[in-house]
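Working notes, beginning with the structure itself.
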Amino acid sequence: MITTPFIGVDIGAAAKAIHSLLGLILDARGVTLAEWVALRTLGTSPGRVSQPSLRDGLVLALDIDAVEATAVLCALEDRGLLAYDTYEQAGLTSAGRAQYDELHAGVVAVTAQAYAGIDAEELATTRRVLATVVARAAELRSEL
């Protein structure tokens, strides 16, 4: 018996639904997605991050150019959320840490609600299946 595998539309719809929740959280606090990605990178980093690494990470994660990524970092710096040391290593200020912590708490809360009641084993299986699909797609991309 052949079963229909997840199709991109199903996966895309789920991702879009979760992404829209993130958008609501960010919009309510006046934070753009690009700013959130930078805040999350710094908020989860064990130490400071070099400006080039942070900028390049934004370029890759958001499919933007280096000028746009630098503008995001400048906006966060202008708002007092990010600061550089004398070696151009970026880190969150206390206001930046507070902003990150507030956003992160909101994301965790809404994500928990979205996944509430779904069996942990089913979620683990879904993660494994999606990781396999990602790996296979990467292989296929290199072959095409």
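The numbers here are math on the coordinates, done by the rules we state, and not lab data. Here the structure is a predicted model, which is why all the values come from computation and not from measurement. Please note: Cβ atoms are built from the backbone with ideal geometry, for glycine as well, and neighbour counts cover all protein chains shown.
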statement: Most fluctuating of LEU60, LEU92, LEU33 in the GNM of the chain (C-alpha, under 10 Å) is LEU60
statement: In debye to the nearest 20, the charge dipole size for the chain, taken about the Cα centre with +1 at each Lys and Arg Cβ and -1 at each Asp and Glu Cβ, equals 180 debye
Where only C-alpha atoms are counted, convex hull volume of the chain per residue in Å³: 155 Å³
message: How far apart, in nanometres, would the label points at SER45 and THR93 be if each is projected 7 angstrom from Cα along the Cα-to-Cβ direction?
response: 1.7 nm
- line: In degrees rounded to 10, the 0-90 angle between helix 120-143 Cα long axis and the longest Cα principal axis of the chain is 80 degrees
field: segment 35-64 residues near the modelled ALA137 label - backbone nitrogen below 16 Å, point 7 Å along Cα→Cβ
entry: 61-63
- prompt: Tell me, what HN-Hα J-couplings in whole Hz come from the Karplus equation 6.51 cos²θ - 1.76 cosθ + 1.60 at θ = phi - 60° for each residue of segment 97-106, using x for Gly and Pro?
  reply: 5, 5, 4, 4, 4, 5, 5, 4, 4, x
statement: Residue separation between VAL110 and TYR84 times 0.36 nm, minus their alpha-carbon distance, gives in nm 6.2 nm
query: Dipole of segment 66-119, Cα-centred, from +1 at each Lys and Arg C-beta and -1 at each Asp and Glu C-beta, to the nearest 20 debye?
result: 120 debye
query: Using the alpha-carbon atoms, what tilt in degrees (0 to 90, nearest 10) does helix 66-78 show relative to the longest principal axis of the chain?
result: 60 degrees
